[in-house]
Amino acid sequence: MPQAIIIGAGPAGLTAAYALLKQTDIHPIVLEQEDFVGGIARTMIHHGCHIDVGGHRFFSKDPRVMALWKELLPVQGAPSLDDRRLHRDCELQQGGPDPAQTDRVMLLRTRLSRIRYLHHFFAYPVSLSAETIRNLGFVQLFKVGISYLCACLRPRKEKSLEDFMVNRFGEELYRMFFRDLYHIRNNPAQFVLANFDLFSRFC
Ligand SMILES: Cc1cc2nc3c(=O)[nH]c(=O)nc-3n(C[C@H](O)[C@H](O)[C@H](O)COP(=O)(O)OP(=O)(O)OC[C@H]3O[C@@H](n4cnc5c(N)ncnc54)[C@H](O)[C@@H]3O)c2cc1C
């Protein structure tokens, strides 16, 4: 039987292995350096608290990705406890699982992500909107504008995600909003244990 070696048991590696198993006769072998799976999208337990290091919501514009998620985690067919307590109207899938009965269920939620920075809330994903400009203030805005201009005039050769971000947002906005995220990426466990502070910026 042909075999495929997949390095890393994060969402990408696990999805690749799942697709190979489902659609081909190739036998996937997933090699993971850590003693857990899920990569930075896993939920870690620290002093009894469940902490999502990275991914905590499923959202995609790609219908194939949505279909895969729904296949693995069917959409809720009954209101969950918090839906009932908060009197929240939610879209339910007929015949879907009841969250009170099983954990294998996708809960539907509206989303609003914001970064708290300079005592203001900024939209996340970050955009150069009127609100962002207002929150930044003149000095910061000037720095952001100059660094964005530099990025447009002298774009980096895109060899990393950092280069990609700097080219689109400029060095200053990248430093403010994205750099720390890459620190998480490099060493999520150490980051979570040593620096809860950044998490308070994500609301
Ligand atoms: C703060 C934060 C919030 C996020 N929120 C969301 C969200 O709400 N929704 C969402 O969809 N996404 C979110 N993401 C992004 C999501 O977590 C990532 O896109 C996803 O985890 C990427 O999956 P991956 O498999 O490519 O990489 P990773 O999750 O990084 O997994 C890579 C795996 O490979 C292993 N590995 C690396 N090198 C080796 C090696 N040499 N040998 C063996 N194993 C190796 C690693 O240990 C790891 O387990 C968020 C990310 C962050 C940081």
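Could you say whether any residue in the range 41-59 is on the phi > 0 side of the Ramachandran plot and surrounded by fewer than 15 Cβ atoms within 10 Å (Cβ to Cβ)?
Yes.
Could you check how many residues of the range 76-107 are closer than 26 Å to Ile40 by Cβ, crowded, with 16+ Cβ neighbours inside 10 Å and among the aliphatic types (A, V, I, L, M)?
Residues that pass the stated criteria total 2.
Pull up the range 42-55, narrow it to residues that are of a type in the set (Val, Ile, Thr) and in contact (Cβ under 8 Å) with a residue 24 or more places away in the chain, then point me to the one that is farthest from the ligand (Cβ to nearest atom).
Restricting to residues being of a type in the set (Val, Ile, Thr) and in contact (Cβ under 8 Å) with a residue 24 or more places away in the chain, the top hit is Ile51.
Counting only residues that are among the charged types (D, E, K, R) and within 16 Å of the chain's Cα centre (by Cα), how many does the range 18-54 have?
Selection size over the range 18-54: 2.
Look at Leu86 and say whether it is away from the ligand (no atom under 14 Å from the Cβ), farther than 30 Å from Ala12 by Cβ and touching a residue at least 12 places away in the same chain (Cβ under 8 Å).
Spelling it out, it is not the case that Leu86 is away from the ligand (no atom under 14 Å from the Cβ), farther than 30 Å from Ala12 by Cβ and touching a residue at least 12 places away in the same chain (Cβ under 8 Å).
If I filter the range 98-109 for residues that are β-branched (Val, Ile, Thr), under 20 Å from the mean Cα position of the chain (by Cα) and more than 9 Å from the ligand (Cβ to nearest atom), do I get at least one hit?
yes
Results for (1) loosely packed, with under 12 Cβ neighbours inside 10 Å; (2) at pLDDT 90 or above; (3) out of contact with any Leu (no Cβ under 9 Å at 6 or more places or on another chain); (4) in the same structural domain as Asp82 (by TED's automatic domain parsing), shown as yes or no for each residue.
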| residue | (1), (2), (3), (4) |
| --- | --- |
| Ser147 | no, yes, no, no |
| Cys150 | no, yes, yes, no |
| Phe169 | no, no, no, no |
| Phe191 | no, no, no, no |
| Ala194 | yes, no, yes, no |
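Cβ contacts < 8 Å: first residue within 12 Å of the ligand (Cβ to nearest atom), restricted to the range 56-80; second residue among the charged types (D, E, K, R), any location; separation 6+ or different chain. Result?
Listed pairs, sorted by first residue: Arg57/Arg109; Arg57/Arg111; Phe59/Arg111.
Within the set of pairs 6 or more residues apart or between chains, which connect a residue that is touching a residue at least 60 places away in the same chain (Cβ under 8 Å) and within 7 Å of the ligand (Cβ to nearest atom) inside the range 12-41 to a residue that is small (Gly, Ala, Ser) and part of a loop (DSSP other than H, G, I, E, B) with Cβ atoms less than 9 Å apart?
Ile40/Gly10; Ile40/Gly54; Ile40/Gly55
The values are calculated or read from the model by the stated rules, or taken from the named source; none is laboratory data. Just so it is clear, the model here is predicted, and its values are computed rather than measured. FYI the Cβ positions are ideal-geometry reconstructions off the backbone, even for glycines, and counts take in every protein chain you see.
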